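These notes are about the structure you will find just below.
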Amino acid sequence: PSDPSFPSGHAAGSFAFAGFVAMAGVEVVGSRRRHRTLTAGLFTLAAGVAASRVALGVHYPTDVAGGALLGTTALTAWNGHQR
């Protein structure tokens, strides 16, 4: 693509999804240690998706950082609304 966009939708979606599954996983995995492992794995995967966007040359690092911030902010807003 000749026109990188801000923010990266892939990064936003992967971070929001990772956070959502991590929050849902609290009920499922049972132990705190397993939940930390699940959360670390999910966010490592999300970071890999974000890094791949830069490596493929379809986004600048700032696009990916903005997407990660957007996804995390949306998740935080959703979680605050659920309480």
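The values are calculated or read from the model by the stated rules, or taken from the named source; none is laboratory data. Predicted model, so just to flag it, every value in this text is computed and none were measured. Areas reflect the complete protein model, heavy atoms only, side chains present, ligands, DNA and RNA absent. Shrake-Rupley method; radii C 1.70, N 1.55, O 1.52, S 1.80 Å.
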Seminar exercise, completed: the chain accessible area per residue, 1.4 Å probe, protein heavy atoms, integer Å², reads 66
For this session: For the chain, just the Cα atoms, rotate onto the principal axes and tell me the three extents in Å, largest first.
Result: 46, 26, 14
For this session: For the range 35-83, just say rounded, prolate or oblate: build the C-alpha gyration tensor, square-root its eigenvalues into a ≥ b ≥ c, call rounded for a/c under 1.5, and beyond that prolate if a/b exceeds b/c, oblate if not.
Result: oblate
Problem set entry | Accessible-area composition of the chain, carbon plus sulfur, in percent [1.4 Å probe] | 65
Problem set entry | the range 17-83, relative contact order [Cα under 8 Å, separation at least 6], % | 29
